[in-house]
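Here is the structure we will look at.
Values quoted throughout were computed directly from the atomic coordinates according to the rules given, and no laboratory measurement underlies them. It should be emphasised that the depicted structure is a prediction, and the values quoted were computed from it without experimental measurement. Methodologically, a virtual Cβ is constructed for each residue, glycine included, from the backbone with ideal geometry; neighbour enumeration extends over all protein chains shown.
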Amino acid sequence: MIERPDAILDNLSGLDVKVVLADIRKAGSIDSALDGCDVLFHVAANPRLWARDKHEFWRTNAEGTRNVIASAHSRSVPRVVYTSTESIIGPSVDGSPSNEETPARKEDMIGRYCLSKFAAEQIALQAANNGMDIVVVNPTVPIGAGDVNRGPISYLIVEFLRGRILAYMNCALNVVDVASVAEGHILAWKKGQRGKRYFLGDQDISVLQLLQMVSDIAGGSPPRVRIPYPVGLAFAYASEFLSNHVTGREPCATVTGVKLTRRMSRLDCSLARRELGFEAGDLRQALTNAIVWYAARGWVPVKESRLTIRATD
């Protein structure tokens, strides 16, 4: 499923690729597109933390993955790289950074998005156990240009630059340049071991540190007021109630997002560096690229001339 096909196609302009639109929620929808393919990168998902249709996450993320893998098997695609997420990484029990071997359980999952992505990763790993050549990558929080669907991190930055983020919740994130994540997928295809997971991440920083970096690049001041967890959670429940029953629009805060602030932990991303040769790009440059891209689309009132670093193409 493509939520905004025109915007997606705009991102692909200039590339020597054949575009085929399909709905992964429908079994067999991509069969013909896979004929002769050397590799399938399964990156399609609903990445939001809220949807008015609560079954949409399962249909797209879990059943969609099952359909994609079935299509790859029917067309004998030599290798599949499945894109999972950091949101389902198991928490460390001793305070040390989580790694690819840190166990995660269904009962650890927070919200329908995380549960659907956890199920999707298990579907991919089970297919690998059954003989398919599948490698799993877990990008952390990617930052950069091209986020046409305005995922959670882009939403945060855009709202901050619009002057709508006046307070923050204490939260740790592992952030990474989105271009490096793309390169990490290629490395996983070429060097990854079947049935293994690889964290594609870079820096562990707080939300406040991230907004400070955005301020340094585009101007403004980071918020000074810290929201206590109970207050943030109550606000999220109220926001989702209004979205579910009144407005139908995305809430200002999501229950899953607030609860994840207590689950975020430090990550050990060294396996991808050792086995794949993964190297993360400059985070400040990635933020600059993202802000310039947002401004070019009128999402934020920031002119390129105000940026302190020249954006790259």
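Before moving on, here are some points about what is shown:
- Euclidean distance between Cα centres, region 171-235 to region 94-111, Å: 17
- Percent antiparallel among DSSP beta bridges (both partners in the chain, rounded to 5): 20
- For the chain, size of Cβ-based charge dipole, Lys and Arg +1, Asp and Glu -1, in debye: 660
- Residue 170-residue 37 FRET efficiency (beta carbon distance; Förster radius 41 Å; 0.05 resolution): 0.40
- Rounded to the nearest 500, the 222 nm mean residue ellipticity of the chain from helices alone is -10500 deg cm²/dmol, with -39,500 (n - 2.57) taken per DSSP H run of at least 4 residues.
- Summed side-chain charge close to residue 35 - residues other than residue 35 whose Cβ falls under 15 Å, Lys, Arg +1, Asp, Glu -1: 0
- Theoretical gain in end-to-end length, residue 241 to residue 122 [0.36 nm per residue, Cα-Cα removed]: 39.7 nm
- Formal net charge of residues neighbouring residue 243 (Cβ-Cβ distance under 11 Å; K, R +1; D, E -1): 0
- ³J(HN,Hα), Karplus 6.51/-1.76/1.60, whole Hz, each residue of region 130-145, x for Gly, Pro: 8, x, 6, 8, 10, 10, 10, 10, 10, x, 7, 9, x, 10, x, 6
- Eligible lysines near residue 18 by straight Cα distance, threshold 24 Å, same-chain separation 8 or greater: 26, 190
- Hydrophobic long helices, here whole DSSP H runs in the chain with Kyte-Doolittle means of at least -1.0 and Cα atoms spread over 18 Å or more along the helix axis, are found at 111-129, 178-191, 229-242, 283-296.
- In region 31-131, the GluC sites (Glu not before Pro) that fall in loop regions by DSSP, at most 11 other Cβ within 10 Å: 101
- For region 171-280, the list of GluC sites (Glu not before Pro) that fall in a loop by DSSP and count at most 14 other C-beta atoms within 10 angstrom reads 279.
- The DSSP beta bridges internal to region 95-250 are antiparallel in roughly 30% of cases.
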